[in-house]
Amino acid sequence: MNKRINISLTLLAILVLSACKVSKDISNPAPLLPANFRNGNTEDTANIANIKWQDFFTQSSLQKLISTAITNNFDMQTALKNIESANLVLAQTKYAYLPDARLQIGANINRPSDNSLNGISLSQFLGQSYIEDYSTSIGLSWEADIWGKIKNQKAAALASYLQTNEAKKAIQTNLVSSISQGYYNLLMLDQQLQIAKKNVLLSDSTLRIAQLQLKASEVTQLAVEQVEAQKLVAAQLVPQFEQAIILQENALSILTGLLPDKIERDENLTDITIPANTATGIPAALLSKRPDIKTQELALQIANANVGITKASMYPSLSITATGGINAFKASNWFNIPASLFGAAAGGITQPLFQRKQLRTQFEVAKVNREKVVIQFRQSVLNAVGEVSDALAKVEKLKAQQLIIDQRQNTLTNAIKNAGLLFRNGMANYLEVITAQSNVLQNELQSATIKRAQLAANVELYKALGGGWE
């Protein structure tokens, strides 16, 4: 009776100790968040990050590129393999509470010296010069999770698995952003190539007029050379843009996991409208949408678990072992049951002594690493807020620039028409025509650049808010 009571008290003590937590977890720190984003609409409650990328990017060719990249991109494939690997580790942790079981089968023959004590004893008592030993046994060993070491290991494995999912989301977000920005850059280069070719034709027309005026002695050879030089300026841009187009197409092909090739595009830059929806929602939404912030939150869970594991290593560990099976000195009696049955059980408490300083250092390092994770979490939130504010500033100021450059384009278009008419009628000199053509060329190229920058700014805002992975 007393023996049963002692056993019950021992088991109860183990259960109580198992419920103890040797370290105190640090919860996610409250990040420093503004009430609203700088340059953002304070009345916005919606968030464009909630829009799926298929609905945010409406161009069919771009959608096809993004879809292909998500499937074929090697970084995405690596991320999926990381998830698969982490899932296997996580599934394995559910067996951590089970005892370690090992099946052992052994057979050996020992032939001692005839002049040894064992040899003489065998000869006198068994009438033989050797001894046989055959055994089959199952050994069990189990360490009680008194201080929550296994529990913390499972928590760390779960957080690591979730981190791989967040890493996949981050890769997809970056991939969607890179593909879309590269595609818009390609459309800009297409338009700039067309502008350069158009200006070559315009300069060629002006050159023919100058050559006719030279024959009529209305202008000098210098005028013809200046007009021809202006034509070559525009002509030089053509191979530059053609080269840039090829390089951009190659880059996009590689991002989609394909060999460098021509990129299909059904739209022109002028056909694409700048998205009017720049709703950002509240800054707190970043905590649930941004994969990098979620990764840091999970990193804190891992850091908490590591602190618990290192702290538990400093405390005594309770181990229970048991072995049972069959054993015989002759093969013929090996499976003679119950005569060949045997069993043994033992329990012990182990307390590290000489390693205590080392274990204490590991515990202190784990706490420092946890504090570093807290700092990194706050930094990631600060960076996220800054990226959103930067993107909002770009969206707002590029829109203002586009309005100005459109007004300038209207003025320059009229100017070049007037300059051409005056030049044909001998009322304007070639310098005025060259200046007008140069201004139009630069303004048209700059207009395409700003249009592309506006589209890129909206993509940056979408990415900064955590969109693109759903």
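The values are calculated or read from the model by the stated rules, or taken from the named source; none is laboratory data. All figures in this text were calculated on a predicted structure; none of them were measured in a lab. With ideal geometry, Cβ positions are generated from the backbone for all residues, glycine too; neighbour counts draw on all protein chains shown.
Would you call Asn50 surrounded by 11 or more Cβ atoms within 10 Å (Cβ to Cβ) and either within 24 Å of Ala464 (Cα to Cα) or touching a helix residue (DSSP H, G or I) at 6+ places or on another chain (Cβ under 8 Å) (or both)?
Numbers: surrounded by 11 or more Cβ atoms within 10 Å (Cβ to Cβ): yes; either within 24 Å of Ala464 (Cα to Cα) or touching a helix residue (DSSP H, G or I) at 6+ places or on another chain (Cβ under 8 Å) (or both): yes.
So Asn50 passes the test.
When residues of region 119-141 are filtered for being of a type outside the set (Ser, Thr, Tyr) and either modelled with pLDDT of 80 or more or under 18 Å from Ala305 (Cα atoms) (or both), how many remain? Break it down stepwise before answering.
Filtering region 119-141 for residues of a type outside the set (Ser, Thr, Tyr) gives 119-120, 122, 124-128, 131-133, 138-140.
Next, only the ones that are either modelled with pLDDT of 80 or more or under 18 Å from Ala305 (Cα atoms) (or both) stay: 131-133, 138-140.
Adding up the residues that qualify gives 6.
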From the list Thr280, Thr323, Thr273, pick out the single residue that is at negative phi, in the same structural domain as Glu396 (by TED's automatic domain parsing) and either touching a residue at least 12 places away in the same chain (Cβ under 8 Å) or over 38 Å from the mean Cα position of the chain (by Cα) (or both). Thr280
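Quick check on Ala155: is it within 30 Å of Gly324 (Cβ to Cβ) and small (Gly, Ala, Ser)?
Working: within 30 Å of Gly324 (Cβ to Cβ): no; small (Gly, Ala, Ser): yes.
No, not satisfied.
For Lys94, are the conditions met, namely being surrounded by fewer than 13 Cβ atoms within 10 Å (Cβ to Cβ), touching a residue at least 60 places away in the same chain (Cβ under 8 Å), under 27 Å from Ile138 (Cα atoms) and of a type in the set (D, E, K, R)?
On the way: surrounded by fewer than 13 Cβ atoms within 10 Å (Cβ to Cβ): yes; touching a residue at least 60 places away in the same chain (Cβ under 8 Å): yes; under 27 Å from Ile138 (Cα atoms): yes; of a type in the set (D, E, K, R): yes.
Against the criterion (surrounded by fewer than 13 Cβ atoms within 10 Å (Cβ to Cβ), touching a residue at least 60 places away in the same chain (Cβ under 8 Å), under 27 Å from Ile138 (Cα atoms) and of a type in the set (D, E, K, R)), Lys94 qualifies.
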Could you list all residues from region 336-367 that are surrounded by 11 or more Cβ atoms within 10 Å (Cβ to Cβ), out of contact with any strand residue (DSSP E or B) (no Cβ under 9 Å at 6 or more places or on another chain) and hydrophobic (A, V, I, L, M, F, W, C)? Leu359, Phe363, Val365, Ala366
Filter region 456-470 down to the residues that are in contact with a Ser or Thr (Cβ under 8 Å, 6 or more places away or on another chain) and part of a helix (DSSP H, G or I), then identify the one that is farthest from Gln401 (Cα to Cα). Lys463
When you look at Asn306, is it part of a loop (DSSP other than H, G, I, E, B), out of contact with any Leu (no Cβ under 9 Å at 6 or more places or on another chain) and within 30 Å of Gln379 (Cβ to Cβ), yes or no? no
Those residues of region 48-82 which are more than 17 Å from the chain's Cα centre (by Cα), of a type in the set (Val, Ile, Thr) and assigned to a helix (DSSP H, G or I) amount to Ile48, Thr68
So Pro352 ticks every box in (1) without any contact (Cβ under 8 Å) to a residue 40 or more places away in the chain; (2) in contact with a Lys or Arg (Cβ under 9 Å, 6 or more places away or on another chain) but one. Which box is left unticked? (2)
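Inside region 109-150, can you point out the residues that are part of a strand (DSSP E or B), small (Gly, Ala, Ser) and surrounded by 16 or more Cβ atoms within 10 Å (Cβ to Cβ)? If you could, list the steps in order and put the result at the bottom.
Filtering region 109-150 for residues part of a strand (DSSP E or B) gives 109-110, 131-143.
Those still in the list that are small (Gly, Ala, Ser) too: 135, 137, 139, 141.
Ser135, Ser137, Gly139 - these are the residues of region 109-150 that are part of a strand (DSSP E or B), small (Gly, Ala, Ser) and surrounded by 16 or more Cβ atoms within 10 Å (Cβ to Cβ).
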When Ile246 is evaluated against the numbered criteria (1) part of a helix (DSSP H, G or I); (2) more than 20 Å from Ile66 (Cβ to Cβ); (3) under 27 Å from the mean Cα position of the chain (by Cα), which criterion, by number, is the only one it fails? (3)
Candidate set from region 269-297 (those that are among the hydrophobic types (A, V, I, L, M, F, W, C) and not in a loop (DSSP other than H, G, I, E, B)); member that is farthest from Ile51 (Cα to Cα): Leu269
May I ask you to list pairs of residues, at least six apart or on different chains, whose Cβ atoms are under 6 Å apart, with the first in region 255-269 being within 23 Å of Met76 (Cα to Cα) and the second being assigned to a loop (DSSP other than H, G, I, E, B) and not acidic (Asp, Glu)? Gly257/Asn73
One residue is enough: does region 73-87 have a residue meeting the conditions touching a residue at least 60 places away in the same chain (Cβ under 8 Å), at positive phi and polar (S, T, N, Q)? no
